[in-house]
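Let me begin by presenting the structure, written as structure tokens, before commenting on it.
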Amino acid sequence: MTDGREWLEADGLGGFASGTVGGVRSRRYHALLLAAARPPVGRFVLVNGLEAIVTTTAGTTVLQPQRYRPGGIHPMVTARLDGFRDDPWPTWRFTLEDGTIVEQQLFVRRGSGVTALSWKRIAGEGKASLAVRLFLSGRDYHALHHENPAFRFESVEAGPGHLVWRPYDGVPGIAATHNGAYDARPDWYRGFQYDEEKERGLDHVEDLATPGLFHFDLAQGEAVLLLSAETQAPDGPDARSALQRLRAGERARRQAFPSRLHRSAEDYLVRRGEGASIIAGYPWFADWGRDTFIALRGLCLATGRLETARRILLEWAGSVSEGMLPNRFPDQGDEPEYNAVDASLWYVVAVHEFLRASSEAGESRSALIRAVAAIVSGYARGTRYGIRMDDDGLLAAGSDGVQLTWMDARVGEHVVTPRRGKPVEVQALWINALRIAAELGLRPDGDWRRAAESFQRRFWNPERGCLYDVIDVDQCPGAVDDTLRPNQIFAVGGLPWPVIAGETARRVVDVVEAALCTPLGLRSLEPGARGYAPRYLGGVAERDGVYHRGTVWPWLLGPFVEAWVRVRGSSPLALRQARARFLLPLTEHLAAAGLGHVSEIADGDAPHAPRGCPFQAWSVGEVLRLSEQVLAEKPARRESSARAVASITV
């Protein structure tokens, strides 16, 4: 078995390199060079992987194996992987049979899109050579590649030690800078198998082109191979000089962070147009509205990245349409998708918390307030998908065939959790948005006090001692959904102002803790409920069908822990208990799946195996928000550590 834990190197433009510790690529997204043609979208896999072969007087050894259809590993005998670390970047140490030790390093220079690879012999004597074979595709990052006559193997010599391949029209060229010798040997390697894709019920076999071999003499020093999209090739008189410059700059940048988690937070911050945005998760998500505004509070505000937060909020402010913000910008095409009731409300919350943390003034502040005014007034008057303020001051939402809340899974035309009517967390967001608008000096059509009174009167479920998940279900007055889900926790925690307090709030927190809380987050449905799914497994339809039917979501631990502490008075004892009970398991998870990151989801039943994206923005953001704000006993120290990275922006 090879180590399947995953590493990530993001470039700040939407592109990234990723793979497994053991070296076997298990996803179609695992690549050494994955570039965004239109940052942060339009992403192409350019260099999928490589084969590194070391030859000494004792013979020839492959450093890392490949997996081929129908599941075999080749070659069976490889160098022994004796060590791996991801600080400051992925570094492997291999031991050959004759005692030769070779160290392989990889990092992506942020902002440049350059993947830097190097190999160095750190033990052993005599002759030692290295041959590196690149596997190329030039495909959309969601697709798979197959042998075809259109692929162009020919390279262009763009200078000493600098090659460029242009495999297809309309695809970025692939540049390689090296300090070895290149030998053109065009060929196809067929039948690479990706086990994670197979497990997910997707196509999982592809063919890759290999244009030739790079040869290096390890006895003469470090071997260097720098990969980039053609327009982002590194400058420098030679490969080693370019590597030294890239390495020094990247090492200094990474050492500026107060913790590994702070550094991981920056992986999600990307350029969009003249501004910035947040990638929802790696490897397959782009920047989503809802995810961006939830994650921003932890990734940016809790870490002192106020300038990045400002750029993100201003960039999205220009996308308000009929009171709504997009929930997604697609990878291909320019038309945003307006299909979320909560994304715009999360934006209002993010603006509020940014303005409280900063001294923003002038036109930037005015632009943010105008966006808030457009959202609140648009929702009050009524907008797409039946979103409108009802007579009770609460927010109704819902339309056939459209899933508007964060529980947005669908299978074909079937909406798994439609939640039409008045969802509980949407009301908490709406009441907070109305109060924020009033604090900003706006005169919203709705009154937050009236809405809060309606909420407290109408959402209490006396039989369960908690809150209904949805009222006025399917626009039927008085109809309720009493399914026990985690959404009610937002009435107590996760937002600037709780909607309920006292014994009522305590009972809600206790019910959620007893039925839904796990070490990795909150279940999306209580065990034993109809449709509860203990495992997130199977093909696309099976997994989408259980996405919110018991699956654990780590990001929900943020609002839950904040609620848990609030109902206990935020005492020092409560803070210490919360750190030990809730925060510690999440920090231990940083070494379990996506290294240095927190997964998107996990199984509902123990042992709560991590699933979904191994690198998820709002999961990381909420852990940072908890550690730096909610559970921090010494705010002064928190602020000083945040200032240490305040100058590090997209």
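With the condition being open to solvent by less than 70 Å² (accessible area, probe 1.4 Å), in contact with a strand residue (DSSP E or B) (Cβ under 6 Å, 6 or more places away or on another chain) and without any contact (Cβ under 8 Å) to a residue 40 or more places away in the chain, I'd like the strands (runs of 3 or more DSSP E) fully within segment 146-244 carrying at least 2 qualifying residues.
181-193
Could you list, in sequence order, all residues of segment 390-416 that are outside any loop (DSSP other than H, G, I, E, B) and touching a residue at least 60 places away in the same chain (Cβ under 8 Å)?
ALA396, VAL402, ARG410, VAL411
Going residue by residue through segment 484-496, is there one that turns out to be within 33 Å of the chain's Cα centre (by Cα) and open to solvent by 60 Å² or more (accessible area, probe 1.4 Å)?
no
Pairs please, first residue from segment 491-512 and in a helix (DSSP H, G or I), second anywhere and open to solvent by less than 10 Å² (accessible area, probe 1.4 Å) and aromatic (Phe, Trp, Tyr), Cβ atoms under 6 Å, 6+ apart in sequence or on different chains.
VAL509/TRP564
Using the structure shown, decide if VAL62 is within 21 Å of LEU213 (Cβ to Cβ), surrounded by 22 or more Cβ atoms within 10 Å (Cβ to Cβ) and at pLDDT 95 or above.
So VAL62 fails the test.
Which one is nearest to THR518 (Cα to Cα), of the residues in segment 534-567 that are free of Cβ contacts under 8 Å to residues at least 60 places away in the same chain and not in a loop (DSSP other than H, G, I, E, B)?
Filtering segment 534-567 for residues that are free of Cβ contacts under 8 Å to residues at least 60 places away in the same chain and not in a loop (DSSP other than H, G, I, E, B), the one nearest to THR518 (Cα to Cα) comes out as VAL552.
Out of GLY83, GLY72, I need the residue that is open to solvent by 10 Å² or more (accessible area, probe 1.4 Å), over 20 Å from GLU206 (Cβ atoms) and among the small types (Gly, Ala, Ser). Which one?
Selected residue: GLY83, the only one of GLY83, GLY72 that is open to solvent by 10 Å² or more (accessible area, probe 1.4 Å), over 20 Å from GLU206 (Cβ atoms) and among the small types (Gly, Ala, Ser).
In this structure, does GLY14 turn out to be open to solvent by less than 20 Å² (accessible area, probe 1.4 Å), closer than 25 Å to LYS198 by Cα and under 30 Å from the mean Cα position of the chain (by Cα)?
When the stated conditions are applied, GLY14 does not pass them.
Could you list, in sequence order, the residues of segment 270-284 that are within 10 Å of the chain's Cα centre (by Cα) and crowded, with 19+ Cβ neighbours inside 10 Å?
The answer is ILE278, ILE279, ALA280, GLY281, TYR282, PRO283.
When the residues of segment 422-441 are narrowed to those that are farther than 18 Å from MET324 by Cα and outside any helix (DSSP H, G or I), which ends up least open to solvent (accessible area, probe 1.4 Å)?
LEU440
The values are calculated or read from the model by the stated rules, or taken from the named source; none is laboratory data. Since the model is a prediction, treat every value here as computed from it, not as a measurement. Positions of Cβ are generated from backbone atoms using ideal geometry, with glycine treated the same way; all protein chains shown enter the neighbour counts. In case anyone asks, the SASA skips ligands and DNA or RNA and just uses the protein heavy atoms, side chains included. Shrake-Rupley method; radii C 1.70, N 1.55, O 1.52, S 1.80 Å.
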